[in-house]
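Heads up: the structure comes next, in structure tokens.
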Amino acid sequence: MKADQLRLIYAGHIEPDPRWRSKVHAHPDDEIVAVTQGRLFATVEERREEAQTGDVLLWHKGIVHQEISAEEEPVEFYYARFSGELDVSELPARMQDTTGRIRLMLRWLYEEARSLSPNKAALCASYLRALVAEYERARFPAESRLVSKVRRFVCKNLARDLQLKDLAECAGMSAYHFARMYRTAAGMPPMQDVRRLRVRHAQELIETTDLPLKVVAAESGLGDAHNLSRVFKKCLGTPPGSLRG
């Protein structure tokens, strides 16, 4: 891959709108789309797919597709179109952004592309290279299928009161066997990983939205604003409000 020859064509952001839909179209370049909120329905060459929060799609150049927001859960996503001497044909057309890095880098890329910074071009190029490199890592997943499956389930159900038995049921195992297998694969107990995912989601909401902390807490499954503050101080060493300056 010649990452240094990647060129950003456009970086964009679609805000939640239950009536939003794209035309049926294809791009002369490649595009990465990261869903940050809600649900997105996509028709790809007469095949219908659904993407939810945390899902990332790669539209190869020339692929005919249409994107439609779910009415009951309006979609929000960031995207970047790019060109260059990069063979993306071997990269997966879809992946789960379990670390949140792709969503974060796409947001940075979008914001920088619209800035007045004198270093805008260089920063955008750096973000784009990092973004594509992060996506390319999907070919060599470090996590086991068990961890990926459970984390995907957790990310879709963060607002629920998740218990160990719910995760074990998702994995199709007994709670005892699941807990041992998960700790070996993930390097931490399953419920500790759930808390980590909750904190990361809450941090993302605080940094990217104006939602009240009590709403952030509820949507992240962290209870109320008081518990959110307690967990943040314990896990991040800082109160949640400090992330908003």
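Throughout, read-outs are computed from the coordinates displayed, never taken from laboratory work. What you see is a predicted model, and the numbers here were worked out from it, not measured in a lab. FYI the Cβ positions are ideal-geometry reconstructions off the backbone, even for glycines, and counts take in every protein chain you see.
Divide by every residue of the chain the summed helix terms, -39500 (n - 2.57) for each DSSP H run of at least 4, and state the resulting mean residue ellipticity at 222 nm, rounded to the nearest 500 deg cm²/dmol.
For the chain, the value works out to -13000 deg cm²/dmol.
If you plug each phi of the range 214-230 into the Karplus form 6.51 cos²θ - 1.76 cosθ + 1.60 with θ = phi - 60°, what whole-Hz ³J(HN,Hα) values come out, in order, with x for Gly and Pro?
5, 6, 4, 4, 5, 5, 9, x, 9, x, 10, 4, 5, 5, 4, 5, 4
Could you pull out every residue, at least 5 positions away or on a different chain, whose amide H is within less than 5 Å of the one on V75? Hs are placed 1.01 Å off N in the peptide plane, and Pro or chain starts have none.
Residues meeting the criterion, in which the H sits 1.01 Å from N, are D17, R39, A70.
For the chain, what relative contact order do you get, as a whole percent, if you take Cα pairs closer than 8 Å and at least 6 residues apart?
Result for the chain is 16 percent.
May I ask you to evaluate 6.51 cos²θ - 1.76 cosθ + 1.60, the Karplus curve with θ = phi - 60°, for each residue of the range 157-166 and list the ³J(HN,Hα) values in order in whole Hz, giving x for glycine and proline?
Values per residue, Gly and Pro as x: 10, 4, 6, 7, 7, 6, 10, 4, 5, 5 Hz.
If the only charges are +1 at each Lys and Arg Cβ and -1 at each Asp and Glu Cβ, what is the size of the charge dipole of the chain around the Cα centre, to the nearest 20 debye?
It comes to approximately 920 debye.
Sort 153-162, 99-108 by the packing proxy (mean of other Cβ within 10 Å over each peptide's residues), most packed first.
99-108, 153-162
Beta carbons within 10 angstrom, averaged per residue: use that to sort the peptides 68-77, 116-125, highest first.
Output ranking for 68-77, 116-125: 68-77, 116-125.
If you look for lysine pairs in the chain that are eight or more places apart or on different chains, how many of them have Cα atoms under 28 Å apart?
The result is 16.
So for the chain, taking the charge dipole from beta-carbon charges (+1 Lys/Arg, -1 Asp/Glu), which of T184, A168, V216 sits furthest toward the positive end?
Checked the options; the winner is T184.
How far is helix 190-208 tilted, in degrees, relative to the longest principal axis of the Cα atoms in the chain, given as a value from 0 to 90 rounded to the nearest 10?
50
Between L236, A93, L131, whose Cα lies farthest towards the positive end of the dipole of the chain when Lys and Arg beta carbons carry +1 and Asp and Glu beta carbons carry -1, centred on the Cα centre?
Of L236, A93, L131, it is L236.
Which far-off residues, 5 or more places away or on another chain, put their amide H under 5 Å from the one on A93, with H placed in the peptide plane?
none
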